[in-house]
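Colleague: Take a look at the following structure, please.
The values are calculated or read from the model by the stated rules, or taken from the named source; none is laboratory data. Source: prediction; values computed, not measured. Please note: Cβ atoms are built from the backbone with ideal geometry, for glycine as well, and neighbour counts cover all protein chains shown. Protein only, heavy atoms only, side chains kept; ligands, DNA and RNA dropped before computing areas. Shrake-Rupley method; radii C 1.70, N 1.55, O 1.52, S 1.80 Å.
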Amino acid sequence: MARTRRKRPNGQTIPAPEKITISLTVNGAPRELAVAPWVTLLDALRERLGLTGTKKGCDHGQCGACTVLVDGRRINSCMTFAVMQDGAKVTTVEGLARDGTLHPLQQAFIDHDAFQCGSCTSGQLCSAAGLIAEGRASTVEEIRELMSGNLCRCGAYPNIVAAIQQAMERQRS
Amino acid sequence: MINFQYARATDLADALRQIAAEPGAKFIAGGTNLIDLMKEDVERPPRLIDISRLPLREVEQTRHGGLLIGALVPNSDLAYHPLIERHYPLLASAILAGASAQLRNMASTGGNLLQRTRCYYFYDTATPCNKRTPGSGCAARYGVNRIHAILGTSDACIATHPSDMCVALAALDAQVHVAGPSGGRTLTFADLHRLPGTTPERDTNLAADEIITAVELPERGFAANYSYLKIRDRLSYAFALVSVAAALELEHGTIKEARLALGGVAHKPWRNVSAEAAMRGEPANRATFARAADAILRDAKGFAHNAFKIELARRAILRALSQAAAGTPQSQSVKKIR
Amino acid sequence: MTYIGTSISRVDGPAKVTGAAKYAGDTAASDLAYGAVVTSTIAKGRIATIDTGAALRIAGVLDVLTHENRPRMARRTAAYKDFVAPEQGSPFRPLYDDKILFSGQPIALVLAEEWEIARFAATLVRVEYEAEPFATDLQVERERAAAIEQPLKSRGDADKAYGDAAVRHEAEYFIPIEHHNPIELYVSTVLWDGDGKLTVHDKTQGVQNVRDYLCGVFSIKPDKLRVMSPFMGGGFGSGLRPQYEAPLAVLGAQALERSVRLVLTRQQMFALCYRPATIERLALGAQSGGTLESVSHEAIAVTSQYEDFFRNDSGWSGLLYKSANAKYGHRLAHVDLPTPSDMRAPGAATGVYGLECAMDELAVALKLDPIELRLRCYSDRDQHDDVPYTSKKLRECYRQGAAAFGWDRRNPEQRSMRDGSELVGWGMASGVWDAWQVDTAARIVLTANGHAEVASACSDIGTGTHTIMAQVAADLLGLPLEAVTVRLGDSTLPKAPVEGGSWLAASVSHAIAKTADEIRKELWQLAKAMPNSPLAASHLEDIALVDGRIIDKKGNGGGVPITDAMRHGRRDRLECETTNSFAEDKKHARNTHSAIFAEVKVDEELGVIRVTRVVNAVAAGRILNTKTARSQIMGAVVGGIGMALHEETLIDHTLGRMMNSNIAEYHVPVNADIHDIEVIFVDEPDEIINPLGIKGLGEIGIVGVAAAIANAIYHATGKRVRDLPITLDKLLP
């Protein structure tokens, strides 16, 4: 089959949406970027800011892999447009460790083998950080329930719960 | 997702001006349902008006002893608000039964009221759906309909309303404050959502240029005897097959006031005031509750895959009312059903 | 051994918890364009017209590829046959022609400067179809299902023996279509390197399989195309065959002559592949004492119209239970859906589900404890080939599993155990899987600073391959773990099979062992050549590499440091690559086994089921890493819980379309669904199967789990639900 590039049809070209410049503080660093309104915070992080630690698992708020902290609260970054977050402070998995030292949750996830393939892990970690900050979970049942917005298809749930308990205990002591 | 314009509303008047200016424009607040549907090409608004920064985030006590909840109060903030926890634990429990912690952090009070059905066909633009494309037909009626409605259905639509929070608000007799171009108005909760009838494309009785500003709760909170019981296909993060908001006021074992609302069974949170009235003055026991269940489910009608919901709802009503009467409401984290 | 058999943490853990690990969709490129796929809305027919005009008018759209204008692809269907493709049939060729073979088939690829633009433009492609009648329902098509020829031979006369049996049980068990649903979306990032060179970062369980496939489809020389997948966000079998994102992304890169990223949506992934809907027909005949006289097992499963996919569903009883008479069969119903695929323990997850539920029903009929029945039927020989096992500690699995679970406290009566408003049920099942091993190559580069790089083109799909490769290499080279670097998931590395079937751990470990042995020889020669070498009189068979030194196990003294021997021999690096072949052994069966015990609590009034406890006792030879191995089995148990209670792809058979193609409505277990899971590894030394005694763990953990849960639900409620998933409505009267 001969390859023929399809000609652009006659008629008007429909312009791409106008970009809007926004400012975010991402992992402590000020970032400015121009994005069209239809760009989600997730795609802004991954495809525009090069922060690919945050994962896309469904793009519909069904799996939690894209969980980040916005102004300290855990949210699904696939379910918000970047322009809506203008001025926000965003923490991604890349921002959890401080000065080369792993966040207690990151260390606990390694210690308890709380992941296998790793594609839900960033979301689990940010979600767990949000969970601890919320202070609404103390029992195992409460941790399980309040971490149920983060699917793990490798089935690491018991290890995830154990890791979160370890991090909570470290924080208390 | 189509190309759309985006603007942030500076105040309520600006929001109303903007929505009136462009047919098809939509407000966006939490975005958790609208963005989902835009990605599926089900919602195609040419313009989004971002209202998320309007000052509608307060929870205030009213002169009548109730609460006025700003439309932009996030679901999680509302569930954990001390006044809600203390006086309206049914509402707190229902909110925590829905979605995930992340989504509850994003979703707004007003947006929760306006979320759209989870019907598979509504979501899939390759299939017929009267709600999405009026006149195209209802594929669910003779298709995969395990999750669909058993009450208040029409030939045109058998979709359900997916909210948990709304089931509690319906039971609590909440009111919805709305602003529009010609001023404000207040709707009873029962008047907010519609049955599908021949116009399933309309979920609510709000006009396209109106905005929800607040939800008002009356004084009566049923804090002593309530339960929100949600039955679903997994133990969390799933929509209800059937959910029950039960609230009682008891006096020496006799029912003084009763509220009963169902989720997952109809196009709107389902209440039946005569079923509730029949409980008043009766002893708070299973016989009374069974009569109430029979009354509220009298006209229930199942389809190929969801007929089980009728019996499930009956049992869930019995259980939730029993939990409420005993003062042992269902926990949303301990999964054993009390 | 310092590391093998220990519980060291994953070596790739820090990369995964910091977000540093780069998956296929994480690769950056300065000239990146984005793709979006348009899929068919009908199940069968042809594309009459496809109008891309409106899509092309969107600013930022670079091109729209369809079967009418795509770059050249191979015409021969043989070119599309990958390593894992079914023998019978012709693989699906994306964007090849106007034929529609299933709903959700890719029919156009939109390429744009940004992904949002591509997604928007994709909604503007207008398609008209000529639709044809189709079939998607196994229950309807089962009558037309055709028997396949399969290697499992029947024994004796199963029908007669069944007729003569004192106690009989016959039933059908059903497993619906299930989807793998790894959390990572299928994605390919194709880097246009210029000079016609392509680097394809693809989500796959086999980089060399994808390379060979792409080279065949696009007539590219293997040295011009490199496939990378160092991290893979979950496969469960869905990534064994090349999926269409890879060829489409290459088409896009060729059309644009620039780099392209193509991420499939979750909905699109449902049309890649799935575990086939299967009816398992079981007939068991026994003597009243509890010995099996007859086993008949027939599976009826769906496959596509264009390929015959099937696995061994019916033969597992021949490995578990003694029966002089047995009959096996497998029939395929051809439906207008994509070809099914391997999904964790393909054949066994389904076939053993049927078998182990049937055994439970037989135990009830015989009034025997289900473990006792299995012990009375216990088989020390593989009855298909009448050979013994290299090792089989299934009895120990039953014993240790039962003890840990507290099985002796079980009241055998149904509905006899309670916890308040909940009925309590205890059920058990056996599991069995193959211990395959495949010829695999590995390369070791040892540098004079005492560092080793070990490399093989295998994959780590979350199973822990990085970690066990490091452990094996460190132990056999006598180096600290930190001194070993692992490279995998790169098609230019030494030849490795796809990661599947539980064969990789044994296969790659022995490739490393063999290569390390060559390194040992070279080091010994270098050490011997040193002046006054303490190893001058040593023999190779006594030489070991320990703690960074070359030592003579028979001699005295500390031997020679590896680094000294290399420096003295003026060798900056030793590099060695070997391919390990496993000796053919037809005198033994090679299998892993397990015993699963499950506790369920069922709300009697509402039917809500909670799986409150699972014990899975596994005999799988030598366990390389007890931490990652435990995780693997635990995760498989979670998968089994999903299979038992949640997972089902719902098809609208009038539309021929999967309706719950998302992970809100296709339910997999969430954290709240999972309670206590205990994993036991039964000690199972195996000196026959391979030198290190390794068997593999990827599949065995899920086999039997759904049966144990179904059996527990029966014990709790007295209600036998044979159709998965066991949703609460099936327990309501």
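Colleague: Count, for each residue of A:68-78, the Cβ atoms from other chains sitting within 10 Å of its Cβ, then give me the mean as a whole number.
Modeller: Working: counts 1, 1, 2, 0, 0, 7, 8, 11, 10, 2, 4.
The shielding value for this peptide is 4.
Colleague: With a 1.4 Å probe and all protein chains left in place, how much accessible area per residue does the protein assembly as shown have, in Å²?
Modeller: Working: 41610 Å² over 1244 residues.
Accessible area per residue, the protein assembly as shown: 33 Å².
Colleague: If you place +1 on the Cβ of every Lys and Arg, -1 on the Cβ of every Asp and Glu, and leave all else neutral, what size is the dipole of the stretch A:104-172 about its Cα centre, to the nearest 20 Debye?
Modeller: Working: 5 positive and 7 negative charges, 19 e Å.
Magnitude of the dipole: close to 100 debye.
Colleague: A follow-up question, please. What is the distance, in nm, between label points placed 7 Å from the Cα along the Cα-to-Cβ direction at C:ASP676 and at C:GLN414?
Modeller: Here the modelled spin labels are 2.7 nm apart.
Colleague: Provide the gained length on full extension for the span C:ASP386 to C:LYS587, in nm with one decimal, where the gain is 0.36 nm per separating residue minus the Cα-Cα distance. Please list the in-between numbers first.
Modeller: Numbers: separation 201, 0.36 × 201 = 72.36 nm, distance 0.88 nm.
Length gained, C:ASP386 through C:LYS587: 71.5 nm.
Colleague: Can you find, among B:ASN306, C:VAL387, C:ALA147, the residue farthest towards the positive end of the dipole of the protein assembly as shown? Put +1 on the C-beta of Lys and Arg, -1 on that of Asp and Glu.
Modeller: B:ASN306
Colleague: I've got another one for you. At 7 Å along the Cα-to-beta-carbon direction for both A:THR101 and A:SER138, put a label point, then send me their distance in nm to one decimal.
Modeller: 2.7
Colleague: Right, here's the next one. Share of Cα-Cα pairs in the stretch B:140-215 beyond 17 Å, in percent? If you can, show how the numbers build up before the last one.
Modeller: Numbers: 1506 of 2850 pairs.
That tail contains 53 percent of the Cα-Cα pairs.
Colleague: Given a 1.4 Å probe, show me the residues in the stretch C:255-283 buried by at least 20 Å² of accessible surface when comparing the whole protein assembly to the chain alone.
Modeller: With the partner chains in place, the stretch C:255-283 has these residues losing at least 20 Å²: C:ALA255, C:ARG261, C:ARG266, C:GLN267.
Colleague: Moving to a separate point now. Would you mind getting me the FRET efficiency between C:THR49 and B:GLU251? Use the beta-carbon distance for r and R0 = 60 Å, nearest 0.05. Numbers along the way, then the final one.
Modeller: Values: r = 73 Å, r/R0 = 1.21.
My answer for the efficiency is 0.25.
Colleague: May I ask you to list the lysines whose Cα is less than 22 Å away from that of C:LYS327, ignoring any residue fewer than eight positions away on the same chain?
Modeller: Leaving aside lysines fewer than 8 places away in the same chain, those within reach of C:LYS327 are C:LYS153, C:LYS160.
Colleague: May I ask you to list the lysines whose Cα is less than 24 Å away from that of C:LYS224, ignoring any residue fewer than eight positions away on the same chain?
Modeller: C:LYS22, C:LYS81, C:LYS197, C:LYS203, C:LYS495
Colleague: So if each residue of separation counts as 0.36 nm, and I subtract the Cα-Cα distance between C:LYS521 and C:THR447, what length gain in nm does that give? Mind dumping the intermediate values first?
Modeller: Numbers: separation 74, 0.36 × 74 = 26.64 nm, distance 1.55 nm.
25.1 nm is the gain from fully extending C:LYS521 to C:THR447.
Colleague: Can you tell me, using C-alpha contacts under 8 Å and at least 6 residues apart, the relative contact order of the stretch A:20-95 as a whole percent?
Modeller: Relative contact order for the stretch A:20-95 comes out at 40 percent.
Colleague: Rounded, prolate or oblate, given the Cα gyration tensor of the stretch C:529-579, with a/c below 1.5 counting as rounded?
Modeller: On the way: a/c = 1.85, a/b = 1.29, b/c = 1.44.
Because a/c hits 1.5 or more and a/b fails to exceed b/c, the stretch C:529-579 counts as oblate.
Colleague: Over both sides of the C-B contact, add up the buried accessible area with a 1.4 Å probe and give it to the nearest 100 Å².
Modeller: Details: alone 28150 and 14700 Å², together 39500 Å².
Result for this pair: about 3300 Å² buried.
Colleague: Same structure, new question: Using protein heavy atoms only (no ligands, DNA or RNA), what is the total accessible area buried between A and B, 1.4 Å probe, nearest 100 Å²?
Modeller: Values: alone 10730 and 14700 Å², together 22400 Å².
Separately minus together, A and B give about 3000 Å² buried.
Colleague: Using only Cα atoms, locate the centre of the stretch C:1-57 and the centre of the stretch B:1-53, then give the distance between them in Å, rounded to an integer.
Modeller: Here the answer is 30 Å between Cα centres.
Colleague: A follow-up question, please. Nearest 20 debye, what's the magnitude of the dipole of the stretch B:39-105 about its Cα centre given +1 on Lys and Arg Cβ and -1 on Asp and Glu Cβ?
Modeller: Working: 8 positive and 8 negative charges, 19 e Å.
Computed charge dipole of the stretch B:39-105: roughly 100 debye.
Colleague: For the stretch A:20-95, just run the numbers: alpha carbon Rg, then divide by 2.2 N^0.38 Å, N being how many residues it has.
Modeller: Relative to the rule-of-thumb radius for its length, the stretch A:20-95 sits at 0.95.
Colleague: Hydropathy first: keep DSSP H helices in chain C averaging at least 0.5 on Kyte-Doolittle, then drop any whose Cα extent along the axis falls short of 24 Å, and list what survives.
Modeller: Working: long enough: C:348-366 (25 Å, 1.05); C:504-528 (35 Å, -0.05); C:626-645 (28 Å, 0.73).
The qualifying helices are C:348-366, C:626-645.
Colleague: Roughly how many debye, to the nearest 20, is the charge dipole of the protein assembly as shown about its Cα centre, given +1 on each Lys and Arg Cβ, -1 on each Asp and Glu Cβ, and no other charges? Intermediate values should be presented prior to the final figure.
Modeller: Details: 139 positive and 143 negative charges, 134 e Å.
It comes to approximately 640 debye.
Colleague: Continuing with this model, one more query. For the stretch C:85-185, which trypsin sites (Lys or Arg not before Pro) are both in a DSSP coil and crowded by at most 14 other Cβ atoms within 10 Å?
Modeller: Numbers: sites: C:LYS99, C:ARG119, C:ARG126, C:ARG142, C:ARG144, C:LYS153, C:ARG155, C:LYS160, C:ARG168; in loops: C:LYS153.
For trypsin sites (Lys or Arg not before Pro) across the stretch C:85-185 that sit outside H, G, I, E and B with at most 14 neighbouring Cβ atoms in 10 Å, the list reads C:LYS153.
Colleague: Additional query: Towards the positive end of the charge dipole of the stretch C:9-54, with charges on Cβ (+1 Lys, Arg; -1 Asp, Glu), say which of C:ALA28, C:SER9, C:THR49 has the farthest Cα.
Modeller: The residue sitting farthest along the positive end of the dipole is C:SER9.
Colleague: Let me ask another. At a 1.4 Å probe radius, carbon and sulfur cover how many percent of the accessible area of the protein assembly as shown? Numbers along the way, then the final one.
Modeller: On the way: 20150 of 41610 Å².
Ligands and nucleic acids excluded, carbon and sulfur reach 48 percent.
Colleague: Oh, and also: Defining a contact as two alpha carbons under 8 Å apart and six or more residues distant in sequence, what relative contact order in percent does chain B show?
Modeller: Details: 777 pairs, mean separation 56.5, N = 338.
The value is 17 percent.
Colleague: So which trypsin sites (Lys or Arg not before Pro) in the stretch B:228-337 are both in a DSSP loop and have at most 16 other Cβ atoms within 10 Å of their Cβ?
Modeller: Numbers: sites: B:LYS230, B:ARG232, B:ARG234, B:LYS256, B:ARG259, B:ARG271, B:ARG280, B:ARG286, B:ARG291, B:ARG298, B:LYS301, B:LYS309, B:ARG314, B:ARG315, B:ARG319, B:LYS335, B:LYS336; in loops: B:ARG232, B:ARG234, B:ARG280, B:ARG298, B:LYS301, B:LYS335, B:LYS336.
Filter output for the stretch B:228-337: B:ARG280, B:ARG298, B:LYS301, B:LYS336.
Colleague: Tally Lys and Arg at +1 and Asp and Glu at -1 over the other residues with C-beta under 13 Å from the C-beta of A:THR52: what net charge comes out?
Modeller: Values: positive: A:ARG46, A:ARG48, A:LYS55, A:LYS56, C:LYS16, C:LYS22, C:ARG261; negative: A:ASP43, A:GLU47, A:GLU94, C:ASP26, C:GLU184.
Result for the local shell: +2.
Colleague: Using only Cα positions of the protein assembly as shown, each an equal point scatterer, no hydration layer, compute I(q)/I(0) via Debye at q = 0.06, 0.07 Å⁻¹ and quote the log10 values to two decimals.
Modeller: Summing over Cα pairs of the protein assembly as shown leads to -0.51, -0.70.
Colleague: Which value results for Rg/Rh of chain C when Rg is the Cα radius of gyration and Rh the Kirkwood radius based on the inverse mean 1/r?
Modeller: Working: Rg = 27.2 Å, Rh = 27.3 Å.
Across chain C, the Cα-based Rg/Rh ratio is 1.00.
Colleague: Now for a different question. Placing +1 on the Cβ of each Lys and Arg and -1 on the Cβ of each Asp and Glu in the protein assembly as shown, which of C:ASN625, C:VAL64, C:HIS653 has its Cα farthest towards the positive end of the resulting dipole?
Modeller: C:VAL64
Colleague: With all distinct Cα pairs included, what does the Kirkwood hydrodynamic radius of the stretch C:97-161 come out to in Å, to one decimal, could you say?
Modeller: Working: mean 1/r = 0.0577 Å⁻¹.
For the stretch C:97-161, the Kirkwood estimate is 17.3 Å.
Colleague: Find the sum over both chains of the accessible area lost when C and A are paired, probe 1.4 Å, and report it in Å² to the nearest 100. List each step's numbers first, then the result.
Modeller: Details: alone 28150 and 10730 Å², together 33010 Å².
That pair hides around 5900 Å² of surface in total.
Colleague: Now for a separate question. Among the lysines, which fall within straight-line cross-link reach of C:LYS730, defined as a Cα-Cα distance under 17 Å, with same-chain neighbours fewer than 8 residues apart omitted?
Modeller: Partners found: B:LYS309, C:LYS601, C:LYS719.
Colleague: What FRET efficiency comes out for A:GLU169 versus C:ALA404 if R0 is 30 angstrom and r is the Cβ-Cβ distance? Round to the nearest 0.05. Spell out each step's value before the answer.
Modeller: Working: r = 26 Å, r/R0 = 0.88.
Result of the calculation: an efficiency of 0.70.
Colleague: So, one more: For a quick size check, give me the Cα extents of the stretch C:222-359 along its three principal axes, largest first, whole Å.
Modeller: 72, 32, 28
Colleague: Calculate the spin-label point distance for C:ASN532 paired with C:ARG72, positioning each point 7 Å from the Cα along the beta-carbon direction, and give it in nanometres.
Modeller: 7.0
Colleague: Can I ask one more? With Cβ to Cβ distances under 13 Å as the rule, what net charge do the other residues near B:ALA190 carry (K, R +1; D, E -1)?
Modeller: Numbers: positive: B:ARG194, B:ARG259, B:LYS268, B:ARG271; negative: B:ASP173, B:ASP191, B:GLU276.
Here the charged neighbours net out to +1.
Colleague: Structure shown: which of C:LYS221/C:LYS521; B:LYS26/B:LYS268; A:LYS56/B:LYS301; C:LYS322/C:LYS586 lie over 29 Å apart, alpha-carbon to alpha-carbon?
Modeller: Values: C:LYS221/C:LYS521 36 Å; B:LYS26/B:LYS268 21 Å; A:LYS56/B:LYS301 40 Å; C:LYS322/C:LYS586 20 Å.
Beyond 29 Å: C:LYS221/C:LYS521; A:LYS56/B:LYS301.
Colleague: Go through the stretch B:94-112 and flag every residue whose accessible area shrinks by 40 Å² or more with all protein chains in place compared to the isolated chain (probe 1.4 Å).
Modeller: B:ALA101, B:GLN102, B:ASN105, B:MET106
Colleague: For the protein assembly as shown, what proportion of DSSP beta bridges, expressed in % and rounded to the nearest 5, is antiparallel?
Modeller: Values: 159 of 200 bridges.
Among the beta bridges of the protein assembly as shown, antiparallel pairing accounts for roughly 80 percent.
Colleague: While we're here: Please compute the contact order of the stretch B:5-52 in relative form: average sequence separation of alpha-carbon pairs under 8 Å and at least six residues apart, divided by the residue count, as a percent. Could you put the intermediate results ahead of the total?
Modeller: Values: 56 pairs, mean separation 26.4, N = 48.
Normalised by residue count, the contact order of the stretch B:5-52 is 55 percent.
Colleague: How shielded is B:234-245 by partner chains, expressed as the average number of their Cβ atoms within 10 Å of its Cβ atoms?
Modeller: Counting Cβ atoms of other protein chains within 10 Å of each residue's Cβ and averaging gives 6.
Colleague: Shifting gears a bit: Between C:THR579 and C:GLU113, what's the calculated FRET efficiency when r is the beta-carbon distance and R0 is 56 Å? Round to 0.05.
Modeller: Values: r = 45 Å, r/R0 = 0.81.
With R0 = 56 Å, the Cβ-Cβ based efficiency is 0.80.
Colleague: Could you work out, residue by residue across A:34-43, how many beta carbons of other chains sit within 10 Å of that residue's beta carbon, and then give the average as an integer? Present the calculation step by step, with values, prior to reporting the outcome.
Modeller: Details: counts 0, 2, 7, 10, 15, 3, 5, 0, 0, 4.
For peptide A:34-43, the averaged partner shielding equals 5.
Colleague: Right, something else. Hey, any idea what Rg/Rh is for the stretch C:70-128, computing Rh the Kirkwood way over Cα pairs?
Modeller: On the way: Rg = 14.4 Å, Rh = 13.8 Å.
So for the stretch C:70-128, dividing Rg by the Kirkwood Rh gives 1.04.
Colleague: Helix B:286-296 sits at what angle to the longest principal axis of chain B, using alpha carbons and giving 0 to 90 degrees rounded to 10?
Modeller: Value to nearest ten degrees: 30.
Colleague: While we're on this one: More than 25 angstrom separation, counting every C-alpha pair in the stretch C:14-129; what % is that? Write out the running numbers ahead of the final one.
Modeller: On the way: 2492 of 6670 pairs.
Value for the stretch C:14-129: 37 percent of Cα pairs lie more than 25 Å apart.
Colleague: Let me ask something else. How large is the helix-only mean residue ellipticity at 222 nm for chain C, computed as the sum of -39500 (n - 2.57) over DSSP H runs with n ≥ 4, divided by its residue count, in deg cm²/dmol to the nearest 500?
Modeller: Details: 17 runs with 177 residues, N = 733.
About -7000 deg cm²/dmol.
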